[in-house]
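Working notes, beginning with the structure itself.
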Amino acid sequence: MRVLAPAKLNLFLRVGRPREDGFHPLLSWMCTVALFDSLSLTPGRAGQIDLSCDRPDLPADFRNLAVRAALAVGGELAPPREGSGRAGLRIGLAKRIPAGAGLGGGSSDAARMLEATNAFWQAGLSRSKLAELAAGLGSDVPFFLHRPSAICRGRGELVAAVGRPRPEAALLILPGRHMPTPAVYRRFDEMRLGRDLEAESEPDFAEWTRLDAGRLLPRLVNDLEAPAFDIDPQLGVLRADAEQSLGRSVRMSGSGSSLFTLYDRMEAAAEAAGELGRRVSAEVMAVQLAPQVEDDLPD
Ligand code: C5P
């Protein structure tokens, strides 16, 4: 079985003051983009889950969220009948989504592995059970069970699907720098940027799904930009350069380091990506927003 795991963008991200458990309350509109990791599943040695990844710098053991997702589903399987042995699995992971980039690559791999192992082992777990396992794996994992477009609340695990944004394409700017998420949230707290989300009225996201790029972009915010640019001022400079070159607002996704902007048409995004790519020292690409995922696991 071969499955694809798409990256995400936080189109909108508001962050509250830290809770007692240290996590921050969020309000985020998240949407997938057509940049995919690829996962293959084949039967493995009984009782073993092995991962091979084309990126040797990433952990291939239980520290990898894809392995943890398979273990979580494996833990829900009925005990093996005598002589039948526990199910084994070999996972092949081809990484295309950069790590530490705010694009949710590890979380997307994990969510897709929950769905894929549920089918591969015929585990029969319900959507709500998968959502519970997802929340245990990380704050961004539950979103990927509700892709391509959803509003996320709580620490990220309370997910409500919303229509896809009207713009067709995103231009991604990938600076190749790793931003450590906990450090960005710590700096956010030091800068005392936490908002009282409960007291603020929420945007009408359903209405926003009807806006073209020109009207949507000025409404988008990311409260983690200030702490991320404080940690890495070069990233703030890159954002300013990109905004000037493109003549439109550029946002950061999640805790960085990826930056993005939106276009109504793919052709315009591709043309702008080509031009910007020659001017800045970062990888620039145009990708479809909210793509269909075509792989061996039907939606
Ligand atoms: O849930 P996850 O393991 O992805 O979170 C990584 C880190 O990001 C947490 O350890 C925490 O420092 C920070 N975080 C947070 N509030 C959230 C989500 C993540 O403080 N809602």
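Quick note: the coordinates plus some simple rules give every number you see, no bench work behind them. Since the structure is predicted, the reported quantities are computational estimates derived from the model, not experimental observations. Here Cβ is always computed from backbone atoms with ideal geometry, including for glycine, and neighbour counts include all displayed protein chains.
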Worksheet entry | Helix-only [θ]222 nm of the chain, DSSP H runs n ≥ 4, -39500 (n - 2.57) each, per residue, nearest 500 | -9000 deg cm²/dmol
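First obtain the Kirkwood hydrodynamic radius of the stretch 144-299 from its Cα pairs, then insert it into the Stokes-Einstein equation at 20 °C and 1.002 mPa s, and state the resulting D in µm² per second as a whole number.
Working: Rh = 16.9 Å.
Value of D from the Cα-based Kirkwood radius: 126 µm²/s.
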Practice prompt. Give me the number: length gained by fully extending residue 186 to residue 206, i.e. 0.36 nm times residue separation minus the C-alpha to C-alpha distance, one decimal in nm.
Written response: 4.0 nm
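List 197, 41 from most exposed to least, where exposure is judged by having the fewest other Cβ atoms within 10 Å.
In increasing order of surrounding Cβ atoms, one gets 197, 41.
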Worksheet entry | Pair residue 280, residue 52: separation of 7 Å Cα→Cβ label points (nm) | 3.7 nm
Discussion item. Using only the alpha-carbon atoms, how far is helix 65-74 inclined from the longest principal axis of the chain? Give it as 0 to 90 degrees, nearest 10.
Written reply: 40 degrees
Practice prompt. Report, largest value first, the span of the C-alpha coordinates of the stretch 72-164 along each principal axis, in whole Å.
Written response: 47, 28, 21
Response to the item:
Rounded to whole Å, √(5λ) for the Cα gyration tensor eigenvalues of the chain, largest first, gives 33, 21, 18
Fill in: Contact order relative to length of the stretch 1-129, as percent, for alpha carbon pairs under 8 angstrom and 6 or more apart
31 percent
Discussion item. What is the angle, in °, between the Cα long axis of helix 127-137 and the longest principal axis of the Cα atoms in the chain? Nearest 10 is fine, range 0 to 90.
Written reply: 70 degrees
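Averaged across orientations, what area in nm² does the convex hull of the alpha carbons in the stretch 1-158 project?
9.5 nm²
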Worksheet item: Tilt of helix 181-190 relative to the longest C-alpha principal axis of the chain, in degrees (0 to 90, nearest 10)?
Response: 50 degrees
Worksheet item: What residue among 31, 152, 53 has the largest mean-square fluctuation in a Gaussian network model of the chain, using Cα springs under 10 Å?
Response: 53
Response to the item:
Once normalised by the length of the stretch 218-261, the mean sequence separation of its alpha carbon contacts under 8 Å that are 6 or more apart gives a contact order in percent of 40 percent
Discussion item. For the stretch 200-247, report the % of Cα-Cα distances exceeding 12 Å.
Written reply: 72 percent
Worksheet entry | Inter-site label distance for residue 126 and residue 240 at 7 Å from Cα along Cβ, in nm | 5.4 nm
Discussion item. For Cα pairs less than 8 Å apart in space and 6+ apart in sequence, what is the mean separation divided by the residue count of the chain, i.e. the relative contact order in percent?
Written reply: 25 percent
Worksheet item: So which GluC sites (Glu not before Pro) in the stretch 1-84 are both in a DSSP loop and have at most 10 other Cβ atoms within 10 Å of their Cβ?
Response: 20, 82
Discussion item. What translational diffusion coefficient, to the nearest whole µm²/s, does the stretch 114-200 have by Stokes-Einstein, given a Kirkwood radius computed over alpha-carbon pairs, a temperature of 20 °C and 1.002 mPa s viscosity?
Written reply: 134 µm²/s
Discussion item. For the pair residue 264/residue 193, report the inter-label distance in nm, with labels modelled 7 Å from Cα in the Cβ direction.
Written reply: 3.2 nm
Discussion item. Given a 10 angstrom Cα cut-off, can you work out which residue in 262, 27, 125 is the most mobile in a GNM of the chain?
Written reply: 125
Worksheet, complete the sentence: Among 88, 169, 99, the residue whose Cα sits farthest towards the positive end of the charge dipole of the chain, when +1 is placed on the Cβ of each Lys and Arg and -1 on the Cβ of each Asp and Glu, is 88
Practice prompt. Take 38, 258 and order them by how many other Cβ atoms sit within 10 Å, fewest up front.
Written response: 38, 258
